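Accompanying notes for the structure given below.
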Amino acid sequence: MDAFYASVEQLDNPELRGKAVAVGGSSQRGVVSAASYEARKFGVRSAMSSVIAKRNCPELIFVKPRFERYKEISQQIREVFFEYTDLVEPLSLDEAYLDVTENKKGLPSATLIAKQIRDRIREKTGLNASAGISINKFIAKVASDINKPNGQKTVPPEEVLEFLENLDIRKFYGVGKVTAEKMYRLGIFTGNDLKNKTEEFLSEHFGKSGSHFYNVVRGIHRSEVKPHRIRKSLGAERTFNENISSEIFMLERLENIAEEIERRLNKSKVAGKTVTLKIKYSDFTLQTRSKTINYYIASKELILEIAKELLYQEKMKDSVRLLGISLSNLNTEKGELKETEKEITVQLKFKF
């Protein structure tokens, strides 16, 4: 999935094929959004600083993202999914779950369905896809990483427990770098190590996630494939070319961000009650400040007014490299508005 944007760029520009490509900004403050597999061989990864990426791979070619093009191809891929099932749950433009327990082709094999879908995606878009096939979303998600790129992995019911027990803890979906390091300190390196810990022990050290870890390592994950996902928040942020310390300049940036949010809110036909201001300082520390009011808002003026209040709530501790505003507690959550997002969800997990 990380290679989706880069693969599209290589598809559209033959001169980029076979070369190390990064989608993102090449400036001093740029960040890699996606890296081709050629670039990954040099350690280039998404969310990496462009400076570090270029240092790792001097031949790296930076390409500006073209989200409208990615959305266009994403829609073509979804059309393929709907040839097989209407139970499609999007995670992003390049990633989805499909429930094919009952499918439009009447095929008894999810493994065969995954192969057919991957072939259809290749035929229709020219891009490769990978898939994970298993009894629930969690295992399908994990399995989708096993044989990428351009591969698939099936974990049948009788092999689920063995598969999870032998899995490196870093491969568990939801276990990031910080959590993995904490697990290492607790002597948890594999699924089997995790399985040997009690639910009480895991809850003590990982809070609410403890019960989740206790269940998934036993193959238990009851989340259904949800075709219609209701938006819970909407926001925008900006990273600046140079750090700013003047609140006047910050207000100018916030006004632009509020205007962008208003545009998105109007397009989605939603409004919200909670405004959150996100501040990332020059030392990369992150701070958020929120305020909830008792009525729904969607206008730039009201959003900006609350964002200003949050900005002045306390003194800035350093110069700022990023500002963001998000609106949550939306009217979609209470059912006042039934407008939902239909994005690119047996259980098949696709990687492009």
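Given PHE240, PHE201, which one is in a strand (DSSP E or B) and either among the aromatic types (Phe, Trp, Tyr) or within 30 Å of ILE135 (Cβ to Cβ) (or both)? Before you say what the answer is, go through the steps one by one.
Numbers: PHE201 fails: in a strand (DSSP E or B).
Answer to the selection: PHE240.
Filter the stretch 173-198 down to the residues that are more than 20 Å from GLY132 (Cβ to Cβ) and of a type in the set (S, T, N, Q), then identify the one that is modelled with the lowest pLDDT.
Here the residue is THR179.
If the requirement is being in contact with a strand residue (DSSP E or B) (Cβ under 8 Å, 6 or more places away or on another chain) and in a strand (DSSP E or B), which of these qualifies: TYR84, TYR97, TYR5?
Criteria check complete, one pass: TYR97.
Looking only at the stretch 268-294, which residues are more than 13 Å from LEU327 (Cβ to Cβ) and not β-branched (Val, Ile, Thr)?
Hits for the stretch 268-294 are LYS269, LYS280, TYR281, SER282, ASP283, PHE284, LEU286, GLN287, ARG289, ASN294.
It is to be established whether one or more residues within the stretch 100-109 are part of a loop (DSSP other than H, G, I, E, B), surrounded by 14 or more Cβ atoms within 10 Å (Cβ to Cβ), within 17 Å of the chain's Cα centre (by Cα) and not acidic (Asp, Glu).
No, because not a single residue in the stretch 100-109 is part of a loop (DSSP other than H, G, I, E, B), surrounded by 14 or more Cβ atoms within 10 Å (Cβ to Cβ), within 17 Å of the chain's Cα centre (by Cα) and not acidic (Asp, Glu).
Give ILE248, ILE257 a once-over and let me know the one that is outside the structural domain of GLU79 (by TED's automatic domain parsing), in a helix (DSSP H, G or I), modelled with pLDDT under 90 and under 30 Å from GLY25 (Cβ atoms).
Details: ILE257 fails: modelled with pLDDT under 90.
None of the other options fit; the residue is ILE248.
Being under 26 Å from SER92 (Cα atoms) and touching a helix residue (DSSP H, G or I) at 6+ places or on another chain (Cβ under 6 Å) narrows it down to one of VAL225, VAL216, VAL178, so name that one.
Testing whether each residue is under 26 Å from SER92 (Cα atoms) and touching a helix residue (DSSP H, G or I) at 6+ places or on another chain (Cβ under 6 Å) leaves just VAL216.
The values are calculated or read from the model by the stated rules, or taken from the named source; none is laboratory data. None of the values given here were measured: they were computed from a predicted structure. So basically every Cβ, Gly included, is an ideal-geometry build from the backbone, and we count neighbours across all protein chains shown.
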